[in-house]
1. Less than 27 Å apart at the alpha-carbon level, and either on another chain or at least 8 residues along: which lysines does that give for Lys320?
2. State in Å² the accessible area per residue of the stretch 141-219; use a 1.4 Å probe, count heavy atoms of protein chains only, and round to the nearest integer.
3. Rank these by accessible area, largest first, 1.4 Å probe: Lys227, Lys179, Lys334.
4. Reachable aspartates and glutamates from Lys231, Cα under 13 Å, same-chain residues fewer than 8 places away excluded?
5. How far, in nm, would the chain grow between Asn178 and Arg246 when pulled straight, counting 0.36 nm per residue and subtracting the alpha carbon separation?
6. Lys177: which aspartates and glutamates have alpha carbons under 20 Å from its alpha carbon, excluding same-chain residues fewer than 8 sequence positions away?
7. Among DSSP beta bridges lying fully in the stretch 174-296, give the percent that are antiparallel, nearest 5.
8. Counting only protein heavy atoms, what percent of the accessible surface of the chain is carbon or sulfur at a 1.4 Å probe?
Amino acid sequence: QPDDRGLIGDVPVLRVTRRGPEAVHFVQAALEPGAEVLLSLDWERRFDHMQQHSGQHLITAVVEQMFGFKTASWELGRQRSVIELDTPSMTAEQIEALERSVNEKIRERVPVMVRELAADDPEIETVRSRGLPDDHVGPVRVVDIKGIDSNMCCGTHVSNLSDLQVIKLLGTEKGKKNKTNLVFLAGNRVLKSIEQSYNTEKALTSLLKNGPGEHVEAVKRLQSSVKLLQKNNLNLIRDIAVLIARDFKSKPVQSELFVLHRKEGDSEFMNIIANEIGTEETLMFLTVGDEKEAGLFLLAGPVEAVENLGPRVAELLGGKGAGKRGRFQGKATKMSRRGEAQALLQEFISHRSPEA
C-alpha cells in the first residue's frame, strides 16, 4: 500500500517509509525537535487506499472460497488495482459471480476489525499471511473481516465493508506463467470512473452525431474511411515521386546536386525518387517531415561522396543515420538546418574534380 501524505505543521510530507519499527518521514524543511505541531493528513488519499486495500482483502478471501484461486500478489495502482491470482484463467461467469458476491458482503455491513497478537501467539498460524519482514519487531497486526477473512496486514482499512460502497471487477489480463491478473476498482474510484466514462460518452455523442449505442459502429466506419484515404494518399505520394524524378531526368542538362523537401512524404517517397533518377552522377539530398523540427533525410548518389558526406549531414541535422551502396538515410531533429546541409553539399560539388 502506498504511504500517507499530509503536513507536519505547515511542512509538506513528501514520503514515508519504514525502517524496522520506525516510520521515517521525508519533509521539505527541517523541523524543530520537541516542538508541538498539528499533523494534517491527506484524508482523500488515505481513504482511497483504505477502500482499495480492504477491497483487495475481501476479493482475495471470497475468490478463494468460491473457486479455490489463491492470491499470489497484488498492486494498489493510481487509477486501478490488480490482484494476481494463481489460476491460468477466469471465465466471464466466474467474474460476474465473484462481483455479485463481494457486493452482497458490502450490503451486509460486515465489520472489519484490527487486533494485535504477540509474535509467539499460536493463533498467528490460523491467519492468512505471506510471512513477516525480516526486520519485523513487536506485535503482529491482524485484520479481520468478520466471518470472512483473517489476514496478517500492516495497511490501513475501513471499519466496515459498507464503507467500500461498491466494488467493480473490470475483467482479467494475462499474468505471469499460469497466473491471471484480476483488475478492480473500489469505492470512490468506481464513481470517478463512471463520471469519466459519462463525460467521454457525451463528447463522443457530440463528435459522432449519434447515440452511445452507435458509437462503436461509427468509429469502425471512420477507421475504414481513414484507411482508404491513407491508401489513396500513399498512391498519390508514390505517383508524385515518380513524376518528380522523371521531370528531373527530362531536363537537357541535369544538375550535379538535386535537393528536395516535402512535408507529406516518407522514406518510401524519397527512395522512389532515388530509384527513378538512378544515376551515380547526381548527388541527391531529400528530406520529408516538419520544415523546422523532426523529419527524415536521404542522401544518395556516388558511393564515395555519400560515405563521406552522410555522417556530416546527419550531424548537421541533429540526427542519426546509416547507409550502404551509395545511400545514407536516417532521422533528423533539426530540419531547420537543411540550408546548412545543402551548402555543405554544394561546396563538395564545386570542389569535386571533373574526374570524380
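1. In chain and number order, the partners are Lys263, Lys292, Lys331, Lys334.
2. On the way: 4410 Å² over 79 residues.
Using a 1.4 Å probe on heavy atoms only, each residue of the stretch 141-219 averages 56 Å².
3. From most exposed to least exposed: Lys227, Lys334, Lys179.
4. Asp239
5. Computed gain between Asn178 and Arg246 is 18.5 nm.
6. Cross-link targets: Glu64, Glu75, Glu84, Asp86.
7. Numbers: 3 of 9 bridges.
Roughly 35 percent of the beta bridges in the stretch 174-296 run antiparallel, per DSSP.
8. Carbon with sulfur: 51 percent of the solvent-accessible area.
The values are calculated or read from the model by the stated rules, or taken from the named source; none is laboratory data. Predicted, not measured: the structure shown is a model, and the values here were computed from it. A quick note on method: Cβ atoms are made from the backbone with ideal geometry, for glycine too, and the neighbour counts reach across all protein chains shown. Note: accessible area is taken over every heavy atom of the protein model, side chains too, but ligands, DNA and RNA are not part of it. Shrake-Rupley method; radii C 1.70, N 1.55, O 1.52, S 1.80 Å.
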